[in-house]
Structure formats: structure tokens, C-alpha cells
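**Student:** Here you go, one structure.
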Amino acid sequence: MPATRVIDIGLVNNMPDAALDATERQFRTLLSASAGDLDVRLTLYSLPEVPRTDFGRRQVGQYASLDDLWDRRHDGLIVTGTEPQADALTDEPYWGSLARLLEWADRSTYSTILSCLAAHAGILHLDGIARRPLGDKRFGVFECVRVCDHPLTDAAPGTLPMPHSRWNDIPEEALLACGYRVLTRSDEAGVDTFVKQRTSLFVFFQGHPEYDAVTLLLEYRRDVARYLRGERDTYPPTPRGYFDDETERRLAALRERALQDRGEVLLSDFPTADAAVRVANNWRPGGEQVYRNWLGYIAAAKMAQLGAA
């Protein structure tokens, strides 16, 4: 296969230990479905300062070392988010490595995707734009509308459903003032996807096109479990635009019982199996199209550079 059809992608997987394998599988699946006739080759990394249990350290111990990254190139890079530990991103233990990674990505990739918390960190480091805390978690599947033409959204539908799960938001006016282009947004969820062309094309997702159909379900169950164990003060909101009426009814009944008599024993009544067969991944077609366009952009940029060499 010609070198221009081989696309070398680095995935920096910073997710919590319990989500490491699922996140790797989700991105592998999405890239494979979007690759077409491209040969996409994936190398895994993780920021070494992300807090890990022994289990997590064994998992990321199978990845390539971030130290090996600094003296090489990747055609593209994907950086995931992680659960925040500090109020300020600059106080996170991995901030120094993440800032260095962003500088490396700008000079050593054709394009870089920053997902969720990594997107917030990217705009803070690159342009000093601070995220804003939300009153409650922005959680669910939101209808996002294409608001400008860009190669990344070519052939994508005018409206793309997209799952979101975050505690912070980004002021759109600050993005525009610093030269970012908003590609998709939602009236309910705000900015969804946006880009900025530097030496590398930086692509920022507040949403999660890589998610499986059941990802929001399992995250909601985790949050309910934390409430039942007394690890959070308030009962979590159900994800918006996601469950059918029957599942919503059962979850509302569980919530009423939990508010009256909190206890982890109630978790056995969470309808995980029944709900899992009733949720649909209606964001995958749009997500695949955007990722197909992203890989195509990288392939074209690589061909142009190699042809000029």
C-alpha cells in the first residue's frame, strides 16, 4: 500500500481505569468503520500522571511510553479526557505533560482531536480560554446543527445527534474572538464541535461520537451508585433525549424509592439489562462521517507534503 494511504494515529487514553478498555475499543471501532481504503494504524499512550490503581497501571503499562513520542511524528493524534480531580485544570497532576503534548501535536501531526476535558485544556493552554462550570451535569443526547461549511462536516447531515457528558461549558464568544470556527452547536448543549488551524488542524469535541449505545446508561448507573453509597449529595439527573418512556418510568420510580430510603441495596433494581436493549446509537452515522472526513483530511495533507518533498 502506498505510504500516503497508511495513516498513523496516536491515541492518548487518559480515561479512568474502569473505562480504559472500553474507550480503546470505542475508538478502534470508530476509526475502523471510518477508514474506507485507508490503512489506519493505532499506537496507544497515556499521560503518566493520571492517577491509577495497580490495575490501571498494568493496563497502561502495555501502551507505548509517552517518552517515546517526543522524538517522532504521528499523522494524527486523539487525546481523551478524564475525570477531573481539581477545580482548575492547571492544578491537575498531568497538566505539565498535557501542555507539552499540545505543543508537540502542533508541530508533529497534520491534525489532532481533543475530546471533552482535553478540549477544555487545549483552549486554555493555546489561547487562555477558561471553561465555565455548569450548575448541573450536561448529560444526554442533544440535537446539534451544522452552522458552517468545513471539510470535516462534508456529507454529514444538517442535524447530528451527539452524546454529551460534562460539568463545564465553553463561552462561544471567546472561541470566535480567538479565531476558532464552530462547526456544530446545540440550543440546549451549546458548542459541540469546533476547530482551529494552527500548524496542525486542531479539532475539539465537547461531545462523544465514539460512545457506544450503552455508554450513557452505564455512566448514569455509576452516578446512581455513587448517590446510593453516599458519595454524592444529590440524585443524578437522567440523560436527556436518551431513554424511552418505559425506561424513564422505571428509573423515576427507582429515584423516588432512593430519595425516601437511600441504600446501595437498591442498585440491584436498576434496570440495566432491560434498558440496554432499548437504547440506540443514533449518533454513530454522523460520527463516522466526521471521522471519515478527518482521516481523509489527514491523507490529503500527507500526500501534499510527501508530493512536495
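The values are calculated or read from the model by the stated rules, or taken from the named source; none is laboratory data. In this text the structure is predicted, and so the values were computed from the model without any measurement. In this analysis, Cβ positions are derived from the backbone assuming ideal geometry, glycine residues included, and neighbour counts consider all displayed protein chains. To get the accessible areas, we keep the full protein, side chains included, count just its heavy atoms, and leave off ligands, DNA and RNA. Shrake-Rupley method; radii C 1.70, N 1.55, O 1.52, S 1.80 Å.
**Student:** Please work out which residue is surrounded by the most Cβ atoms within 10 Å (Cβ to Cβ), limiting yourself to the range 32-65 and to residues that are over 20 Å from the mean Cα position of the chain (by Cα) and aliphatic (A, V, I, L, M). Before the answer, list the steps.
**Tutor:** Our first condition is that a residue be over 20 Å from the mean Cα position of the chain (by Cα); within the range 32-65, this holds for 36-39, 53-55, 57-58, 61-62, 64-65.
Checking the rest, the ones that are also aliphatic (A, V, I, L, M) come to 38, 64.
Values: 38: 18, 64: 14.
Ranking the qualifying residues of the range 32-65, first place goes to 38.
**Student:** So, residue 134, is that one modelled with pLDDT under 95 and not β-branched (Val, Ile, Thr) or not? So that I can check it myself, show each step before the final result.
**Tutor:** Values: modelled with pLDDT under 95: yes; not β-branched (Val, Ile, Thr): yes.
For residue 134, the condition - modelled with pLDDT under 95 and not β-branched (Val, Ile, Thr) - is met.
**Student:** Filter the range 76-92 down to the residues that are in contact with a Leu (Cβ under 9 Å, 6 or more places away or on another chain) and part of a loop (DSSP other than H, G, I, E, B), then identify the one that is nearest to residue 299 (Cα to Cα). Give the derivation first.
**Tutor:** Restricting attention to the range 76-92, the residues satisfying the condition of being in contact with a Leu (Cβ under 9 Å, 6 or more places away or on another chain) are 76-84, 89-90, 92.
Imposing the further condition that a residue be part of a loop (DSSP other than H, G, I, E, B) reduces the set to 80-84, 92.
Working: 80: 22, 81: 25, 82: 29, 83: 32, 84: 34, 92: 34 Å.
Ranking the candidates gives 80 first.
**Student:** Looking at (1) under 24 Å from residue 221 (Cα atoms); (2) surrounded by 15 or more Cβ atoms within 10 Å (Cβ to Cβ); (3) free of Cβ contacts under 8 Å to residues at least 60 places away in the same chain; (4) of a type in the set (A, V, I, L, M, F, W, C), which is the one condition that is false for residue 15?
**Tutor:** Just one mismatch for residue 15, condition (3).
**Student:** Among the residues of the range 66-94, write down those that are under 17 Å from the mean Cα position of the chain (by Cα) and β-branched (Val, Ile, Thr).
**Tutor:** 78, 79, 80, 82
**Student:** Just one of (1) of a type in the set (A, V, I, L, M, F, W, C); (2) open to solvent by 10 Å² or more (accessible area, probe 1.4 Å); (3) touching a strand residue (DSSP E or B) at 6+ places or on another chain (Cβ under 8 Å); (4) in contact (Cβ under 8 Å) with a residue 24 or more places away in the chain trips up residue 195, so point out which.
**Tutor:** Single failed check for residue 195: (2).
**Student:** Filter the range 131-173 down to residues that are outside any strand (DSSP E or B) and without any contact (Cβ under 8 Å) to a residue 40 or more places away in the chain and give me whichever is surrounded by the most Cβ atoms within 10 Å (Cβ to Cβ).
**Tutor:** Among residues in the range 131-173 that are outside any strand (DSSP E or B) and without any contact (Cβ under 8 Å) to a residue 40 or more places away in the chain, the one surrounded by the most Cβ atoms within 10 Å (Cβ to Cβ) is 147.
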